[in-house]
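We did not get these values from a lab; they are worked out from the coordinates using the rules stated. Quick caveat, the model's predicted, so the values are computed rather than measured. We place every Cβ from the backbone using ideal geometry, glycine too, and count neighbours over all the protein chains shown.
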Amino acid sequence: MKGKLTYIWSVTRLPVVAVAFGFIVGALCIAVTGNNPLVAYMALFKGSLGSMPSIGETMYKVTPILFTGLAAAISFRCGLFNIGAEGQYVVATVATVAVAWFGQELPRLILLPLILIAGFCAGGIWGGFAGLLKAKRGINEVISTIMLNWIALYIANYMVRVPLSTNVLAGLPRAGHSVIIPDAAKLTKLKELVSSFGYSSAHTGIFIALAAAVVMWYILFKTTTGYEIRTVGLNASAAEYGGISKAKNTVLAMFLSGGLAGLGGAVQITGLVFMVNQSPALPGYGFTGLSVALVGCSHPLGVIPSALLFGILENGSRQMQLAGIPSEITSIISGVILVFIAGSLILKLAGDKLKFFGKNPAVDTGKEGA
Amino acid sequence: MDTILEMHNITKVYPGVTALDNVSISIKKGEVHALIGENGAGKTTLMNILYGLYQPDAGRILLNGKPVSINSPREAIALGIGMVHQHFMLVENFTVAENIVLGHEPRKGLTLDMEAAKASVREVSDRFGLEVDPDARIEDISVGLSQRVEILKALHKGAEILILDEPTAVLTPQEIDDLGEILQNLTKEGKSIIMITHKLKEVLGMSDRVTILRRGKVVGTVQTSETTADELAEMMVGREVNLSSDKAEKTAGEVILSVEHLTVKDHRNLPAVKDVSFEVRQGEILAIAGVDGNGQKELVEAITGLMPTESGKVTLCGKDITGANPRTVIEAGTGHIPQDRQKRGLILQSSLTENLILGYHYRPPFAKNGRMDQVKIAEHGKELIQEFDIRTPNQEVSAGSLSGGNQQKVIIAREFYKDPSLLIAAQPTRGLDVGAIEFVHMRLLEQRDNNKAVLLVSLELDEIMNLADRIAVIYHGQIVGVLDAAQATERKLGLMMAGGTSEDKGDVS
Amino acid sequence: MTTAIFISLLTSAIRLATPLLLAALAGVYSERSGVVNIALEGIMTSGAFFSVWFTHVTGSAWLGVSMGIVFGIITSSLLAVIAVNLKGNQVIAGTAINLLVTAVVAFLLEIIWHRSGSTPNAPSMLTTNPLKFLEGIPLLGTFFSQLTPFVYIAFLMVGITFFVLWKTPWGLHVRAVGEHPRAADTVGINVYRTRWICVLISGALAGLAGATLSLGTVGLFREGMVAGKGFIALAALVFGKWHPIKTMYACMFFGLFSAFNILAQSFGVDAPTEFLAMIPYVATILVLIGVVGKAQAPKADGEPYEKDEK
């Protein structure tokens, strides 16, 4: 048991140190604005964990980034850098609304699973396409998924403006958003189950996210599929030698990765926003997901506390803003965390030669020609 | 002859290992001094210290009687020390001239003066009789020529002492002879040469004196003319060595692997294997002999499904496996000890347990319906570690933390567990120490004696002559002849490896 | 097509290609030395923002541009530290920098101007042709009149980059370091220093590319204005086989696609605007599908160099 704990500490201490440094740099930035960092951080934590409703708010912030964090983690495990969870999320939101709208006659028990599957598949196909480009044409998934992000955004805006617009479908006044999904397609609010969540918009989507994390953990570490994906990620050449197809697992991992991001989009729609808005920019959940996965050591269960941390930052930032501190501080904190992880800066400066990244394959993805 | 270089009491300690323990060596001007020893004996470390790549923990270096400290290759070069690395330090897509002048380019104003560079390359190559085309790109020239470029590169920088690291490993017997001549010319010009090697024959043929290292210590320095291969081998290993294995007589049975008119293109889309045909039968070891880079890798990878086949047919146990994927080939009954054990054969970051199921991880009893049985897998790991005497603290350590010999044992254990009808062993003893080599040889023979087919690819003629029942020689992607082991002599094989056909061999024997 | 339309298409293509070209050249330096520069996007953001800020502070667009370059260099030094000294994963490092810069810039917008989204208009910008005498040339005069100083600098940089990397001894060192760093090391070339310098040059050019986007077009900084152009530049780099002149053609190609979009919009072509806006991104993927199998990156691109490796 002690050995196990030592091991866990050896893998997690890098993210822990990185997070600590993120907060230190964040404190410096807060000081620059002429505020007291301690007061600001008090506000941050109080704002995100101080009461049941605020905990609820944190939970709904955690939900989408837990999904995109899982999405990033599984791609890292296969040696891929899926920076396109953004786009996969976006196409899934559109698919969700479309399916929900056209299936509005269906009973809730059928409709709800159906649209979640639709979201998963839409995101999965969007991600799987990048996987296919990589497997068949050797196209670096970093570039292709970024391009697919923008394409997804424009497709979504078009869909929202024309085919899925309330104007076209329901003869209602024109709006900058899509039709609203029927009630049968909505997830339950937590406050309906536990009234002390009060004003919070937390919804049962968080349980779907947690379940997804457990399922991903099971797939990655207990099934042959997971063994094959991890082997391709660690050494594609040895994988091929062992009869494991690199191409197939690349597409599969990108499909699962995109699917998880897509499920995140679907849950966000069914649990919170109920429609898709026209948007000039990408939502940003995919990028946060990269940080979530890296801090979570690319481990599906590690991603849970990591997503919680970023959820706290996100939710608490509003509280800080009320205290007169720019909410961007929290983005700076997450940026700094990522920079530290990329360089494993402090640990290297401290002269520590141990290989911390032995179990965080994202950092070993090494060479990508094109 | 004057002593040009002395290294006194050099010690280098790495965490947990003393790589060099009080090593002293002296080099005379104009001699070829061989430095021999097994893998890990410290030869390369000693030379890297001389070349300024590592710093010794103790000891001093005297050049022409004066103490020097060498902190970087740049300083070594300035002192007239040049190194020809085993893995060539040449930029593949640069020309010969660009490679030779790299680091001390002639300039014309701001620009690189390519004409002057070429002229000076020609001048040096003429002086030492090393003919090369300064405009040729490295990626287009042969290995032998590349080595010549490496030597020229050192000479062009004014090297007086030339370190050659395993210079013959990649050469044909003819190219080795040429190298011998080149070295003679160089010593005549007053250059001193230190040659790192583990091949005793070449030591005897090319050097004036030999220093033997064992486990970081100098065992002795002897005049080449006063020693024998047996004596050197004993000094190197520390005990009497008998690398020739006793083979039981055995008649080959049915055809297991049949390769017909196989053609394979390499990653540059050039034919690497051309119209190759051969058979491997039950109870025999067929060896593919040849110099590295003559299509062996592509041949093995095409048979095992790791590379696409251009044309031809491969049949295993009566089943057509031409162009099949690796899994189909494995399921048809192939075991494969790959040439590059770290890149192909192992997942270095993963545990031994996970490595020991690679290739049959999806089959019962290790997995059922896609669910892996961790208990069975762990038991399997334990059993193989014991059976194959893999030296490891436990089965959960990563494969990368084991020694080369133990890594090879992991692969052998895994592949033998498949009980393959055909075992393909590509350079199975490369980089292993004597004990491990003996182990591998024993296991390969055991496979043959169990009436299985073995396809052995090796660069070492000794190994081939010891193990093989029949020997196919590959040259430029073609099989130039197949001999019974009984008829094969090293000279015959050597000639064929350099492109002579089996008809030519009649003339010389 | 009338001449006027053709010239207008050509000038917008060139103007749109300019930031891509500068960023792609930034990529040439960095990747030729073996450092993958995913951070181009962030460095461009940094250059775009700081050039506008310092134009506000100093009143001079040229001083603004210089500071954009300086901050490009500062941003890229973070990549250099991680990629060269700490041997971290370059893709993660680049992504981290992109996210960090976005956050820092948003933060600065907030504390400097107390607003989000964009800066106020800069007091001075660089959107007019600096070489007035060229406008006197018949026919071509209209063409030249629409070029910005950045266009001239970018195309000049193509020649300079080619000269530096292919005609000077230092260029030979850079390419050797990107192909076979150990070989370079053994002949006494300082791999770390060479990579550092290349990454810093890369930062300067990408910073300039950012200034082109802000001061060279709309005269202000808007969040999200880089919009994936750093990545399109990377694609152009692949398309152009890491060679400055071929990369220039690749950027012109992408510029032309973006210009069609603008043309179509202004001529009221009946296609949804979203689809027109999508064109450059779709084109990028199509181009990559067409070329990548054949493109050969510098051999050591993306691989940290470990001096003591045995």
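Annotations
- Residues C:Thr11, B:Thr429, sorted so that the one with the fewest Cβ neighbours within 10 Å comes first: C:Thr11, B:Thr429
- Spatially, the stretch B:234-313 and the stretch A:255-317 are offset by 52 Å when compared through their Cα centroids.
- Along principal axes, Cα extents of chain A, largest first, whole Å: 67, 57, 38
- Here the relative contact order of the stretch B:342-419, from alpha carbon pairs under 8 Å that lie six or more residues apart, stands at 40 percent.
- The protein assembly as shown - share of DSSP beta bridges that are antiparallel (%, nearest 5): 60 percent
- In this simple spin-label approximation, B:Asn39 and A:Lys248 carry label points 7 Å from Cα along the Cα→Cβ vector, and these lie 3.3 nm apart.
- Over chain C, equivalent-ellipsoid semi-axes from the Cα gyration tensor in Å: 32, 23, 19
- Each Cα pair under 8 Å and six or more residues apart adds its sequence gap; the mean of these over the residue count of chain C is a relative contact order of 35 percent.
- In chain B, the DSSP-assigned H stretches of four residues or longer account for a calculated mean residue ellipticity at 222 nm of -9500 deg cm²/dmol, using -39500 (n - 2.57) per stretch and the full residue count as denominator.
- Where labels lie 7 Å past Cα in the beta-carbon direction, separation of B:Glu446 and C:Thr273 in nm: 7.6 nm
- Length gained on full extension, B:Asn22 to B:Leu270: 84.3 nm, using 0.36 nm per residue less the C-alpha separation.
- Cross-link reach list, lysines versus B:Lys199, counting only Cα pairs under 20 Å and skipping chain neighbours closer than eight places: B:Lys43, B:Lys217, B:Lys492
- Which of B:His441, B:His336, A:His203 has the fewest Cβ neighbours within 10 Å, and the rest in rising order: B:His441, A:His203, B:His336
- Restraint check, A:Lys246/B:Lys343; B:Lys12/B:Lys382; A:Lys246/B:Lys382, Cα-Cα greater than 25 Å: B:Lys12/B:Lys382; A:Lys246/B:Lys382
- Cα centroid separation - the stretch A:97-129 against the stretch B:15-52, whole Å: 69 Å
- Stretchable slack from C:Phe6 to C:Lys167, in nm (0.36 nm times residue separation minus alpha-carbon distance): 54.4 nm
- Listed by chain and number, the lysines placed with their C-alpha closer than 16 angstrom to that of B:Lys153 are B:Lys118, B:Lys191; residues fewer than eight positions away on the same chain are left out.
- Between C:Ser77 and B:Ser72, the simple spin-label model (points 7 angstrom out along Cα→Cβ) gives 2.1 nm.
- Ratio Rg/Rh, restricted to the protein assembly as shown and using Cα atoms, in which Rh is the Kirkwood radius: 1.00
- Pairs of Lys residues in chain C that lie 8 or more places apart, or on two chains, and have C-alpha atoms under 29 angstrom apart add up to 22.
- Within the stretch C:87-229, the proportion of Cα pairs with more than 26 Å between them is 47 percent.
- Members of B:Lys313/B:Lys376; B:Lys368/B:Lys418; A:Lys222/B:Lys319 lying beyond 26 Å, as alpha-carbon distances in this model show: B:Lys313/B:Lys376; A:Lys222/B:Lys319
- Every Cα-Cα pair in the stretch A:1-42 was counted, and those over 11 Å apart are 67% of them.
- Size descriptor, Kirkwood hydrodynamic radius, that averages inverse alpha-carbon separations across the stretch B:1-99, Å: 14.7 Å
- For B:Lys274, B:Lys66, order by how many other beta-carbon atoms lie within 10 Å, fewest first: B:Lys66, B:Lys274
- For chain A, the membrane-span-like helices by this rule, meaning whole DSSP H stretches whose C-alpha atoms cover at least 20 Å of axis and whose Kyte-Doolittle mean is 1.6 or above, are A:205-222, A:328-343; this says nothing about an actual membrane.
- Using a Förster distance of 56 Å, the FRET efficiency for B:Leu204-C:Ile160 (Cβ separation, nearest 0.05): 0.45
- For B:Ala287, residues with placed amide H under 5 Å, excluding near neighbours: B:Leu456, B:Asp469, B:Arg470, B:Ile471, B:Ala472
- Average partner coverage of C:102-108, which counts Cβ from other chains inside 10 Å: 6
- Of the DSSP H helices in chain C, those whose Cα atoms cover at least 30 Å axially and whose Kyte score averages -0.5 or more: C:3-32, C:191-213, C:244-266
- Relative to the 2.2 N^0.38 Å rule of thumb, the stretch B:342-419 has a C-alpha radius of gyration ratio of 1.00.
- Computed FRET value (nearest 0.05) for B:Asp113 with B:Glu181, which takes r as the C-beta separation and R₀ as 22 Å: 0.10
- Shape analysis of the stretch A:1-102 places it in the oblate category; the axes a ≥ b ≥ c from the Cα gyration tensor give an a/c of at least 1.5, with a/b not above b/c.
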